[in-house]
Amino acid sequence: MIGEDSFLPGLTCSYSQSGNRKKMKSLKLDAFAGIRYSSDSSTRRIWLPVHKTRSLQGNPFLSLSPLSVGSANYSPTAFPYRMVYRSKPSFEIVCFNQLSSMSSDDDDLHPQKDYDSIASDNPCSMPTSCHQVAAARFLQNAAWVGVATIVSKILGLLREVILAAVFGVGPVATAFKHASVLPIFSVSLIGGVNGPLHIAMSTTLSKLSKESGKRLVQTTYFVMLMIGCILGALIFISAELIVYATAPGLWVAAECQITREIAIRQLKLMIPCIVFAGPIGLGYGCLSAEGDNFIPCMSPALSSISIILSCIMYVCMKRSNAYCLDDVVFGGVVVACGASVGAFLQWLIQVIMYEKMGYDFVAISFSNVLKDEVLHEFFMLMLPAILSSSLAQIASFTDLYFASFIPGAAAGLSYAHLLAMAPLGILSSIVILPLLPTFSRLAKCLSWSYLMDDLKRAVLICMIIVLPIASIMIALAEPVTSVLFQRFKSDSSASAMVAPLLLCYSIGLPFCIIRELLVAVFYALGDGEQPFLISVSAIILNGFLDWLFVSRFHLGAQGLALSTSFVTTLSTLVLLQCLLKKLPGLNDSKELVSPLLLLLPCCIVAGSLSSVAHKVLWNFLSSISILRFCRVSAILCISLSALVGMFGFFIPLVILNCVGSKLVKDLSRTLLNR
């Protein structure tokens, strides 16, 4: 029977693939949830099919120990009760309700062979203690994934710094930002981590058996690859028309002619990004459903490394005069090739992982595709998500449309946006990736209280991390951009353009992560329609505000960044209100919003202390002659000021025992233990 006190750590399982009891292997289990055991019986043995374990084949012979753990009664239900033994690597055993009891005589019991099991944690029957263990594992998984994500984001920031140093905000950088709209949108948003394909596939696979999931992956892989090839061919043919539609300002000024030519050539060279985007996103979803979030977080680093190497190669060739081509055009070609090579490497990693997971891709019959109900359900969830992401990209099109009339604005917006969104990308992978399968399983079992607890915990931990970062970034926007981007081709004027843009983007930073969490919950509920409609409204509003701020208020590029932050904030509030109406168990928004409001005074303290500390430290450190070289004084000043700001945020939080202080302590303990 199901028990509240049924969590038993340290259980050992012995098994034999051939059923030979003389050739037993031992496996220590980390957790055993959902069953209360009697203590007056001997070790029980049972035959069970293991559907989800790659290392075991057939029906392994199993023996549980210690001896006191031997008898189990199962509550009869309409569906088989599913029980998961977890170890490293994952080891799963499926139990059926036909086995209502086990006794010492039941050495050879065979469950139904026809049942296509779904191995899961069965959150509907999960006791409270196990839910607490799951929360602890979430923090551990978040810490592990965070390491990979931070490395990837640091490489992404280094990529932008090198691009700025080599090309500044000149023709190559500006052309690359215009040309990469569709390719980067495809490989980063649609096919990237937490993109619609990733979320839809991870959510769907969490609800399916191994065999059904395998068929779904094979079919969708073939379909998405075909779609990518068709779209790539169409974009290659109409490259000039696409650049004109997104950046008409490049056709207005005579000095923009070289930028226009580079952009058209770069778009054609980055077609592989569009072709491989679908398979890459599907691979991320498969890995997340299997519990492997490390590779999806690290794979984007391949694109960054590829572009960095292309910039280095361009500088070396330019110095050696290896080519007589025009330096500007050649630089644009090299950068575009680097982006395409990065996408190809990500796809190659996916192919290797598919082989390890046992996926064999065979020819797909279109008649079977049309009849596959699971595939139809997947596309019903995926298409609104892609449309929603596409609409978000339309907002980027709108920004670039107006930015094309402002010299250097496209490159400046890109640098500022990446710097502001770097914390968001890290948190998105740390928090949302581990929660995607959990949200899906809880929604399937109608476990609203657990789902809302996970959502509140995720929102709170994101705000505890992102709010001090946003506050410090607003206070130190100018010195940060000066240190990162002001070198070689990027002069003080370029740095002066990026700094206010960074400040404007940072205002909407906290709402971006909340929006991603809310959208993930909607997808877990199988509802992609409401996020889609809200995105449509947000795009229309963003286009109007871009026109208003640039054409009427003459705010320039800063108006474009402010428009993005304002629309993000408003769309997040609307999504929250819709979720409050949709989900039982959270009828009052105060439960979610009031803890966040208590963090605002800490943000003010953090920003103020950072600003004051920077001024004091700059006057002191700049007077020390040994620190004047290699920007050591500037870097040290920013680092110490940011550290002071962090202390200004967290010390009041912990001392006053405010909401979230326990999460801070738990997260710190988890990170230290890792």
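Since every read-out is calculated from the coordinates, none of them should be taken as a lab result. No experiment lies behind these values; they were computed from the predicted model shown. Positions of Cβ are backbone-derived with ideal geometry, glycine not excepted, and every protein chain shown enters the neighbour counts.
For the range 141-386, the ratio of Cα radius of gyration to the globular rule of thumb 2.2 N^0.38 Å stands at 1.09. A quarter of the convex hull surface defined by the alpha-carbon atoms of the range 181-324 gives 10.7 nm² as the mean projection. Normalised radius of gyration (Cα atoms, divided by 2.2 N^0.38 Å) for the range 460-610: 1.20.
Please tell me the relative contact order of the range 141-386 in percent, rounded to the nearest whole number, where contacts are Cα pairs under 8 Å and at least six residues apart.
In percent, rounded to a whole number, it is 33.
Protection proxy ranking, highest mean first, for peptides 412-421, 560-569: 412-421, 560-569, where packing is the per-residue count of other beta-carbon atoms within 10 Å, averaged.
Only one residue of 376, 317, 202 has its Cα farthest out toward the positive end of the dipole of the range 141-386, where Lys and Arg carry +1 and Asp and Glu -1 on Cβ, and that residue is 317. Placing unit charges on the Cβ atoms only, positive for Lys and Arg and negative for Asp and Glu, gives the range 141-386 a dipole magnitude near 200 debye about its Cα centre.
From most to least packed by mean Cβ count within 10 Å, the peptides 609-622, 529-542, 266-279 give 266-279, 529-542, 609-622. Computed packing ranks the peptides 451-463, 206-218 as 451-463, 206-218, most packed first, by mean other Cβ atoms within 10 Å.
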